[in-house]
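Please read the structure below before turning to the comments.
Each value in this text was obtained by applying a stated rule to the coordinates, not by laboratory testing. Fair warning: this is a prediction, and the values are worked out from it, not measured in the lab. Glycine gets a Cβ as well: all are built from the backbone with ideal geometry, and neighbour counts include every protein chain shown.
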Amino acid sequence: MAKKGTPKNGKNKAKHTMLLKRKKDKLRDEKETRAQKLKAILKSTQDNN
């Protein structure tokens, strides 16, 4: 029979998941902004030529 009450490390797992999600979102946002900056630079160089 399962134990009653709170899970042993449920809070730690939840916190860890939250932090990993935050990290992945930050990396995704940085990647998108970098791609947009590169596109803008390429577009400006093509316009000048």
Does Thr45 satisfy the condition of being surrounded by 10 or more Cβ atoms within 10 Å (Cβ to Cβ), polar (S, T, N, Q) and in a helix (DSSP H, G or I)?
no
Of the criteria (1) in a loop (DSSP other than H, G, I, E, B); (2) within 27 Å of the chain's Cα centre (by Cα); (3) of a type outside the set (Lys, Arg), which one Asp25 fails:
(1)
